[in-house]
Amino acid sequence: MSKQKILQKPISITAIASISSLGKSLDEVWKNYQNNQHYITEKKLKSELVLVAEISEEAKQDIEVLRQSDSKYKSLDNTVLYAIYASRQAIKNANWKASDNFGINIGSSRGATQLFEDYHKDFLKNNKSKTLSSPTTTLGNISSWVAHDLQTKGPEISHSITCSTALHAMLNGIAWINSGMCNKFLVGGSEAPLTPFTIAQMQALKIYSKAKLETDCHTERSRSANLYPCLALDLDKTKNTMVLGEGASMACLESGKKENALAYITGVGYATEVLEHNISISTDAKCFQKSMRMALGNLNPDAIDIIVMHAPGTIKGDLSEYKAIQSVFKNNCPALTSNKWKIGHTFGASGALSIELAVLMLQHQKFIGVPYLESKKSPEKIKYILVNAVGFGGNAVSILLKK
């Protein structure tokens, strides 16, 4: 399928907004991308210290203010509150009004994790379920509550497609706009997965980082692991180093080329491959090869300046995506980067946070690389950026952005 058949005309990203360990405003996020510091800390869960990337204390206070602002919001999970917080800022930045009746598609990999765990714990204790246990833990909660909060009358969709959820939301928004059924769509992802059971699941898969933030270091490799507990894109690592982060990120999409566009979406690609294992993709990520080629369409691969990789910090995940890039781009590989070494893996929100990084690099014409990589390619001018995401199930998405 060619790019022209999928994307009838360019889609403008007229605003982006997020809340994550990097901050709660675009200025703060960009400022924190300028340094080589990660935002991973230790959190005590079930008497165990685990590595996580939390939103800041100031952001937590803002979320608590939001929770207390309406009696109906007091029972909502952080996943929903993060989405409301970021969505309010996004439509403000885009100058959208509720009367525009824009569509909403916000996804999450895990949904209301904390609430679900709390309700289940209470059920085991009392053998009864609380009244709000079902309505407040559905994935449909996210877009529905955002639509209620913003008072838009447009279509609202919630979904979960594991770690590629946010980019699938972008695909959906583009499809609705292309169909003519809607000319504006708010898309993104939200995740609040820093809970005991969620992290225990990742530990059971043996993909979670076991690094310690404060240890004696005697070698260059151990210093790297100490300074950067998530070694995303380090293809020489011998241990899995995934760390979970929390946050939400939203983008406002509009049909055609708008004067206030931050960037244009000029290509999209997607693919799903037959799995050999429940959690794996092929060693050369055939799904990524297909999604990237579809997103490129008729564009010469040499035109791509940067790829924002999914690169979760696992040995097989990082290497398979890199091999897929080698297959598509041959000997002229673009500059490669990822933000997971800095903010952890935010599951369903991760693709949208990668889009945010790409848009900021396009705007500021500055490449944000990975500090511990020895070989770094840094483009002087940035015109095209490809953003990748994939999740359990081998469902890859690639989005092509243009300045």
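The values are calculated or read from the model by the stated rules, or taken from the named source; none is laboratory data. Since the model is a prediction, treat every value here as computed from it, not as a measurement. We place every Cβ from the backbone using ideal geometry, glycine too, and count neighbours over all the protein chains shown. Areas reflect the complete protein model, heavy atoms only, side chains present, ligands, DNA and RNA absent. Shrake-Rupley method; radii C 1.70, N 1.55, O 1.52, S 1.80 Å.
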Exercise. Going by the alpha-carbon gyration tensor, a ≥ b ≥ c the square roots of its eigenvalues, is region 291-379 rounded (a/c under 1.5) or, if a/c is not under 1.5, prolate (a/b greater than b/c) versus oblate?
Worked result: rounded
For this session: Report, to the nearest whole %, how much of the accessible area of the chain belongs to carbon and sulfur atoms, 1.4 Å probe, protein only.
Result: 50
For this session: Starting at the first residue of region 384-391, write each ³J(HN,Hα) from the Karplus equation 6.51 cos²θ - 1.76 cosθ + 1.60 with θ = phi - 60°, in whole Hz, x for Gly and Pro.
Result: 10, 10, 9, 10, 10, 8, 8, x
For this session: Counting only DSSP beta bridges with both residues in the chain, tell me the antiparallel percent, nearest 5.
Result: 65
Problem set entry | Per residue value of the accessible surface for the chain (all protein chains in place, 1.4 Å probe), Å² | 43
Seminar exercise, completed: Extension length gain for Gln8 and His148 (0.36 nm per residue less Cα distance), in nm, is 47.3 nm
Problem set entry | Zero-based 10 Å bins, Cα pair distances in region 1-155, whole percents | 9, 29, 34, 19, 7, 1
Problem set entry | Shape of region 233-315, Cα gyration tensor, a/c cut at 1.5 | prolate
Exercise. So who's got an amide H within less than 5 Å of the one on Ile104, skipping anything under 5 residues away but keeping other chains? H placed 1.01 Å off N, in plane.
Worked result: Glu156, Ile157, Leu186
Seminar exercise, completed: Lys and Arg at +1, Asp and Glu at -1: neighbours of Glu48 with Cβ under 14 Å from its Cβ sum to +4
For this session: Determine, from the Cβ-Cβ distance of Lys121 and Gln37 and an R0 of 60 Å, the FRET efficiency 1/(1 + (r/R0)^6), rounded to the nearest 0.05.
Result: 0.95
Exercise. Taking every DSSP beta bridge that has both residues in region 277-403, what percent is antiparallel when rounded to the nearest 5?
Worked result: 50
Problem set entry | region 110-143 residues near the modelled Glu64 label - backbone nitrogen below 11 Å, point 7 Å along Cα→Cβ | none
Exercise. Can you list the lysines whose alpha carbon is less than 17 Å from that of Lys9, not counting same-chain residues fewer than 8 positions off?
Worked result: Lys184, Lys257, Lys258, Lys402, Lys403
Exercise. Dipole magnitude of the chain about its Cα centre, charges +1 at Lys/Arg Cβ and -1 at Asp/Glu Cβ only, in debye to the nearest 20?
Worked result: 620
For this session: Mind counting lysine pairs for me in region 283-361? Cα separation below 15 Å, and the two need to be 8 or more apart along the chain or on different chains.
Result: 5
Problem set entry | Anisotropy class of region 145-194 from Cα gyration tensor, a/c 1.5 cut | oblate
For this session: Count charges around Ile325 for me, please; just the other residues with Cβ under 14 Å from its Cβ, Lys/Arg as +1, Asp/Glu as -1.
Result: +1
